[in-house]
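Here's the structure, in structure tokens; my notes come after.
The values are calculated or read from the model by the stated rules, or taken from the named source; none is laboratory data. Predicted, not measured: the structure shown is a model, and the values here were computed from it. As a convention, Cβ positions derive from the backbone with ideal geometry for all residues, glycine included, and neighbour counts pool all protein chains shown.
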């Protein structure tokens, strides 16, 4: 039985990229490292993990996974921190309603992380 998403994984081409990734998620967004080993770390998001390796090589592209979403209790505040740290915000905070049954209101925004990963910040309303 599937019980949820365990982790999202990314690989960095260098230790410099790795340290920028770790700083983005831990220092800027306030997440904590749950596990650390020689080649990488797992960062706790509260209901899943972000796994980051520093032993990757090759070209990055968006591929089949378009983005991942982090739950936020204040999208506007989080986006301000991200923008002030110099990261790209490519969809500004906005209110949406997913036309499901029942309708699902949320506040969202999108940014890019240090590896150019697309991150959605998602605040349920």
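Here are the numbers for the structure shown:
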item: Elements of type strands (runs of 3 or more DSSP E) in the stretch 1-109, at least 2 residues being outside the structural domain of residue 120 (by TED's automatic domain parsing) and loosely packed, with under 12 Cβ neighbours inside 10 Å; result: 32-37
item: Any chance residue 113 is within 29 Å of residue 11 (Cα to Cα), surrounded by fewer than 17 Cβ atoms within 10 Å (Cβ to Cβ) and either in contact (Cβ under 8 Å) with a residue 60 or more places away in the chain or outside the structural domain of residue 15 (by TED's automatic domain parsing) (or both); result: no
item: Selection count where residues are within 18 Å of residue 69 (Cα to Cα) and touching a strand residue (DSSP E or B) at 6+ places or on another chain (Cβ under 7 Å), scope the stretch 12-35; result: 6
